[in-house]
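Data first, discussion second: the structure below is written as structure tokens.
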């Protein structure tokens with residue numbers, strides 16, 4: 001009970017500090033998570049963490065994979081709230097750029113980051129591509145606070161917002177396919193499995209998202225849901241859609257809730273602002289809890305593992321070479337000015353989806369004895385923390 005209350009209090013305190021300093025809240029949240037997690041083993045009497053997210057012996061908050069179930073459900077709410085804010089009117093002039101960013105830009109990161117990880121850390125190609133798939137995503141949890149504090153042209157702001165929300169399910173899909181490749185093995189068996197999984201994710205993600213978005217919109221417009229239950233009914237439907245879609249196709253739930261949010265956000269829905277305010281408040285609370293938990297779940301040995309110049313070289317190659325390359329390729333033929341392309345290249349912080357899925361897949365591969373799997377979680381967290389710190393302190397310059 002003390003740990004749970006402490007996480008919520010520390011999380012909201014971090015949000016307030018971030019507001020005062022005009023920083024993305026993810027930065028103080030991760031730092032708090034590291035302090036009460038792996039770093040606390042350096043100063044506690046018995047060498048244990050102050051907060052242990054996964055049940056270990058007689059201490060811990062979540063048994064088994066309970067932490068990752070909680071993370072998945074929380075991410076579904078955050079992405080639905082992000083989808084609600086996406087308006088078609090914002091992308092009249094920049095639709096092609098956004099499309100290329102989430103396709104060509106994703107491929108550039110996927111192959112570029114994998115090459116960098118392979119030559120710097122010598123991991124297997126499978127693990128290198130898993131790492132690169134995980135860091136494809138930017139995210140609304142970190143993009144939104146940065147945009148809120150910086151006056152930008154409407155088109156530039158819209159590009160960053162749309163990319164951050166739409167690319168989350170794409171990165172998750174890529175990570176799932178690579179994970180299946182590692183689990184199933186190379187050859188024809190994997191190819192068939194990957195094609196089936198890819199098709200199922202698209203089919204069930206779009207189907208569930210569109211269907212339930214229109215169904216919930218109909219119920220709201222026809223006043224079948226009383227006003228005082230509107231927010232909680234919407235929340236339960238989002239969770240239900242996420243879980244049902246995931247049952248039919250693993251990781252399709254993320255796509256389903258983003259589609260559901262986009263459809264509802266672009267309909268003439270009464271009380272949409274009230275729903276947005278509720279989801280925004282809930283997202284802030286969930287983000288506060290999630291980042292502390294995921295950072296606390298890292299072990300001190302993981303941090304020591306990446307305490308090397310190779311980590312800095314990997315980070316710089318992603319920020320200074322791979323991200324700009326993807327942005328400039330994606331914006332060829334657009335109306336964006338050079339300095340706008342440069343700004344979009346610079347602002348590419350990673351967020352909760354990368355951190356959450358990295359923790360899940362990293363631990364699963366470790367339990368299977370996959371050589372080099374211990375690098376996945378700390379390397380992804382290094383990219384998350386590094387990009388957020390860099391963008392939060394320099395984006396306004």
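The values are calculated or read from the model by the stated rules, or taken from the named source; none is laboratory data. Predicted model only: the values in this text are computed from it and were never measured. Heads up, the Cβs are rebuilt from the backbone with ideal geometry, glycines too, and the neighbour counts pull from every protein chain shown.
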Filter pass, residue 52 being in contact (Cβ under 8 Å) with a residue 40 or more places away in the chain, under 30 Å from residue 364 (Cβ atoms) and touching a helix residue (DSSP H, G or I) at 6+ places or on another chain (Cβ under 6 Å): no
Helices (runs of 4 or more DSSP H) completely within the stretch 297-397 that count 1 or more residues being farther than 19 Å from residue 119 by Cβ and within 17 Å of the chain's Cα centre (by Cα): 352-367, 376-394
Note on the stretch 99-118: residues over 18 Å from the mean Cα position of the chain (by Cα) and in contact (Cβ under 8 Å) with a residue 40 or more places away in the chain are 100, 104, 108, 112, 116, 117
Counting only residues in the stretch 37-61 that are outside any loop (DSSP other than H, G, I, E, B) and over 21 Å from the mean Cα position of the chain (by Cα), the one surrounded by the fewest Cβ atoms within 10 Å (Cβ to Cβ) is identified as 42
Only residues that are free of Cβ contacts under 8 Å to residues at least 24 places away in the same chain, farther than 20 Å from residue 53 by Cα and touching a helix residue (DSSP H, G or I) at 6+ places or on another chain (Cβ under 7 Å): list them for the stretch 1-33, please. 17
Which one of 344, 284 is crowded, with 16+ Cβ neighbours inside 10 Å and within 20 Å of residue 101 (Cβ to Cβ)? 344
Just to check your reading of the model, which residue among 205, 199, 209, 105 is within 26 Å of residue 317 (Cβ to Cβ) and either modelled with pLDDT of 80 or more or not in a helix (DSSP H, G or I) (or both)? 105
For the stretch 193-228, enumerate the residues that are without any contact (Cβ under 8 Å) to a residue 24 or more places away in the chain and touching a helix residue (DSSP H, G or I) at 6+ places or on another chain (Cβ under 6 Å). 193, 194, 225
